[in-house]
Amino acid sequence: MEMETTCLVQLAHSAGRRIALVREPDLIFINDFKSVYQLALTAIETGKPIKEIINAHLSNDILDYSAVYEGLHDWKLLPSFDHPENPLCCMVSGTGLTHKNSALNRQMMHQSADEKPTDSMQMYQWGLDGGNPAVGKIGVQPEWFYKGNGTMLKAHGETLEVPSYAKDGGEEPEIAGLYIIDKNGNPYRVGFTTGNEFSDHVMEKMNYLYLAPSKLRQSAIGPELVIDTDFSGFTGQVSITRNEETIWQSAIKSGEANMAHNLANLEYHHFKYAGHRVPLQAHVHYFGADAFSFGNKILLHDGDMMSVQWDGMGRALQNRLKIAGEEEKLIVINAL
């Protein structure tokens, strides 16, 4: 992707929230909007192109992006997209088995002695066979999972926590689609962002039916939201750094050229459910991983730095892993 893209960031300060346009090495504040959600909703309701609105509201106020990115400024990065008023109105979800390497890793986790293809490989093959329908047609349904609501979203520079009840925590370098449902229940794609769909692979490996709870973890998106890129193909890099030394890294690919499903099919099967088209809902939807360190038998330690960078998607998303120190505690449910 060599074309210049429009990238936005969301920022927080003791004075409140703002959004800004990325023009390396600077951030330019956008007046009158405190969130990308508000900006996108204005574009939907007025019918104006979102880039036109951005250009009309650009200010003369500039920040040093590097200072913000490195956490050295009073302005702090937020997740690249959220529901600014109610995080419970933001659904975080994803689809897996869209990339061959992900399916192979899942195959190795659950391979039986007879070496027959696992359910994971069968589902990946279904995607290859029927995940790229012609325009106007419905393709095969992909895997789908729920990760939580907006309270589980973290920004660049924040830690991703392995809770006391977890078995592990590991990075999943992905691209996420960002969406708003309009007042009439119609979904709109706002753009794409770099994501770390952080998951518990040790729990998942115990039994593939533990996939659902293994996904109920924090995840990170950002630092930038890209308005106008296409989804045809992406290349990037993922790495794990421990005590300032890179202990694992891999090239990664995503986008339609590298996946078993096309974007239209993935979006249709997410938004076909009426509960996913609630007016004014926000959605963060992950599109699957090409490689992750657990597939190479790497277990992350407290303080490890996870870094995900996609070419053309802005600066790298970096988050340290934090292992909760407390023991798992029983939650007592009160009766009325």
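Can you find even one residue in the range 284-292 that is open to solvent by 30 Å² or more (accessible area, probe 1.4 Å) and either in a loop (DSSP other than H, G, I, E, B) or under 29 Å from THR6 (Cα atoms) (or both)?
Step one: list which residues in the range 284-292 are open to solvent by 30 Å² or more (accessible area, probe 1.4 Å), which gives none.
The answer is no; no qualifying residue exists.
Of the residues that make up the range 265-276, is at least one modelled with pLDDT of 95 or more and part of a loop (DSSP other than H, G, I, E, B)?
yes
Please state which of the following conditions LYS183 fails to meet, knowing it meets all the rest: (1) within 22 Å of VAL278 (Cα to Cα); (2) of a type in the set (D, E, K, R); (3) open to solvent by less than 10 Å² (accessible area, probe 1.4 Å).
Among (1) within 22 Å of VAL278 (Cα to Cα); (2) of a type in the set (D, E, K, R); (3) open to solvent by less than 10 Å² (accessible area, probe 1.4 Å), the lone unmet condition for LYS183 is (3).
When you look at LYS205, is it within 22 Å of PHE234 (Cβ to Cβ), of a type in the set (Lys, Arg) and either in contact with a strand residue (DSSP E or B) (Cβ under 6 Å, 6 or more places away or on another chain) or outside any loop (DSSP other than H, G, I, E, B) (or both), yes or no?
Answer is no for this residue.
Among the residues of the range 14-31, which ones are of a type outside the set (A, V, I, L, M) and either farther than 15 Å from PHE81 by Cβ or touching a Phe, Trp or Tyr at 6+ places or on another chain (Cβ under 8 Å) (or both)? Walk me through it before giving the result.
First, pick out the residues of the range 14-31 that are of a type outside the set (A, V, I, L, M): 14, 16-18, 23-26, 29, 31.
Once the filter is applied, which keeps residues that are of a type outside the set (A, V, I, L, M) and either farther than 15 Å from PHE81 by Cβ or touching a Phe, Trp or Tyr at 6+ places or on another chain (Cβ under 8 Å) (or both), the range 14-31 yields SER14, GLY16, ARG18, ARG23, GLU24, PRO25, ASP26, PHE29, ASN31.
Here are the criteria: (1) in a loop (DSSP other than H, G, I, E, B); (2) modelled with pLDDT of 95 or more; (3) in contact with a Pro (Cβ under 8 Å, 6 or more places away or on another chain). Tell me which single one SER164 does not satisfy.
That leaves (3) as the condition not met.
If you go through the range 195-204 one residue at a time, do you hit one that is without any contact (Cβ under 8 Å) to a residue 40 or more places away in the chain and of a type in the set (Ser, Thr, Tyr)?
Checked the range 195-204: at least one residue is without any contact (Cβ under 8 Å) to a residue 40 or more places away in the chain and of a type in the set (Ser, Thr, Tyr).
Among the helices (runs of 4 or more DSSP H) contained in the range 1-120, which hold 2 or more residues that are at pLDDT 95 or above and open to solvent by less than 30 Å² (accessible area, probe 1.4 Å)?
36-46, 50-56, 65-69
Considering only the range 323-336, state which residues are of a type in the set (Val, Ile, Thr) and part of a loop (DSSP other than H, G, I, E, B). Don't jump to the end; show me each part of the working.
Restricting attention to the range 323-336, the residues satisfying the condition of being of a type in the set (Val, Ile, Thr) are 323, 331-333.
Scanning the range 323-336 gives ILE331, VAL332, ILE333.
As an exercise: evaluate LEU225 against (1) under 18 Å from THR118 (Cβ atoms); (2) in contact with a Phe, Trp or Tyr (Cβ under 6 Å, 6 or more places away or on another chain); (3) among the aliphatic types (A, V, I, L, M) and give the number of the one condition it does not meet.
All conditions pass for LEU225, except number (1).
Let me confirm something: among GLU143, GLU172, GLU197, which residue is open to solvent by less than 60 Å² (accessible area, probe 1.4 Å), under 17 Å from the mean Cα position of the chain (by Cα) and over 28 Å from MET305 (Cα atoms)?
GLU143
Starting from the range 308-322, keep only residues that are in a loop (DSSP other than H, G, I, E, B), then list their pairs with residues that are buried (at least 24 other Cβ atoms within 10 Å of the Cβ) and hydroxyl-bearing (Ser, Thr, Tyr) whose Cβ atoms are within a distance under 9 Å, requiring at least 6 positions of separation or different chains.
MET313/THR193; MET313/THR194; GLY314/SER80; GLY314/THR193; GLY314/THR194; ARG315/THR194; ALA316/THR194
The values are calculated or read from the model by the stated rules, or taken from the named source; none is laboratory data. What you are looking at is a predicted structure, and each value in this text was computed from that prediction instead of being measured. Methodologically, a virtual Cβ is constructed for each residue, glycine included, from the backbone with ideal geometry; neighbour enumeration extends over all protein chains shown. Heavy atoms of the whole protein, side chains included, go into the accessibility calculation; ligands, DNA and RNA do not. Shrake-Rupley method; radii C 1.70, N 1.55, O 1.52, S 1.80 Å.
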